[in-house]
1. Could you figure out which of (1) part of a loop (DSSP other than H, G, I, E, B); (2) farther than 30 Å from Arg12 by Cβ; (3) in contact (Cβ under 8 Å) with a residue 40 or more places away in the chain isn't true of Leu141?
2. Restricting the range 129-170 to residues that are under 21 Å from Leu4 (Cα atoms) and among the acidic types (Asp, Glu), which is surrounded by the most Cβ atoms within 10 Å (Cβ to Cβ)?
3. Report yes if Trp70 is more than 26 Å from Trp202 (Cα to Cα), at pLDDT 95 or above and not in a strand (DSSP E or B), otherwise no.
4. Go through (1) surrounded by fewer than 21 Cβ atoms within 10 Å (Cβ to Cβ); (2) farther than 20 Å from Lys134 by Cβ; (3) in contact (Cβ under 8 Å) with a residue 60 or more places away in the chain and name the single condition Val59 misses.
5. Would you please list the contacts, defined by Cβ atoms under 7 Å and residues six or more apart or on different chains, that run from a residue in the range 5-19 that is assigned to a loop (DSSP other than H, G, I, E, B) to a residue that is charged (D, E, K, R)?
6. Please find, among Gln162, Gln181, the residue that is out of contact with any Pro (no Cβ under 9 Å at 6 or more places or on another chain) and under 27 Å from Leu37 (Cα atoms).
7. Looking for whichever is among the small types (Gly, Ala, Ser), closer than 30 Å to Gly107 by Cβ, exposed (fewer than 12 other Cβ atoms within 10 Å of the Cβ) and at pLDDT below 95 here; the options are Ser184, Ser201. Which one fits?
8. Determine, yes or no, whether Gly124 is at positive phi and either in a loop (DSSP other than H, G, I, E, B) or over 14 Å from the mean Cα position of the chain (by Cα) (or both).
Amino acid sequence: MQLLSVNVGLPREVLWRGRTVSTGIFKEPVEGQVMVLSLNLDGDAQADLTVHGGADKAVYAYPVEHYGYWQAELPEMDLPWGMFGENLTIRGLWEDQVYIGDRFRIGTAEIMVTQPRMPCYKLGIKFGRTDIVKRFLESRLTGFYFSVLKEGVLRAGDAIEQLYQADHNVTVTDITRLYAQPMSDRELLRRALEVQALPASWRDYFQQQLEKRGS
């Protein structure tokens, strides 16, 4: 498992459908050591803190293996590292194999998987097409967010070391699937409610889905 690229960017204003939008989705690879802070990477920031960023979304990672899928889907597009707004372009960690609550060390920083990335219209801004939001969610190739357990430094080329594997078997992919189809697996839904590493907003949402259906 390896960190291939570290990508950061500050919010910028862009024109989208006749209005000015502030977005931090434009990330560029950087060389050398980068400090991992409790809420983001040094040199990085989010524009709308009501839905982006925060302790449970401090660092966003996207598997390099997915780039091949998207290049086949969108052959006309150039897809440099950071295209999906990820801070870390990584190799060897995938959504269907990573459990919520798994902990890793990269460089001297220690981080924990918290949730999948749910796309918003700003991904459409980055790609210049609105259909990417639906396609991204349907692909289940969402990448995932980390919280920062220990601040530190990392750089492209660092190994990714697993420190702890959660024992509940609820993967990032499971959370995305439950979001798309909450009642597709009630037993999994109930297990997800018990995962303390899953942010409260997710657990509240799943609890509401169960109550709504009288379960």
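1. It is condition (2) that Leu141 fails.
2. Top of the filtered list is Asp158.
3. Values: more than 26 Å from Trp202 (Cα to Cα): yes; at pLDDT 95 or above: yes; not in a strand (DSSP E or B): yes.
For Trp70, the condition - more than 26 Å from Trp202 (Cα to Cα), at pLDDT 95 or above and not in a strand (DSSP E or B) - is met.
4. Failed condition: (1).
5. Gly9/Lys27; Gly9/Glu28; Gly9/Asp44
6. Details: Gln181 fails: under 27 Å from Leu37 (Cα atoms).
Only one candidate qualifies: Gln162.
7. Numbers: Ser184 fails: closer than 30 Å to Gly107 by Cβ.
Unique residue meeting the criteria: Ser201.
8. Working: at positive phi: no; either in a loop (DSSP other than H, G, I, E, B) or over 14 Å from the mean Cα position of the chain (by Cα) (or both): yes.
When the stated conditions are applied, Gly124 does not pass them.
The values are calculated or read from the model by the stated rules, or taken from the named source; none is laboratory data. Keep in mind that what you see is a predicted model, and the values were worked out from it rather than measured. All Cβ positions, even for glycine, are placed from backbone atoms using ideal geometry, and neighbour counts span all protein chains on display.
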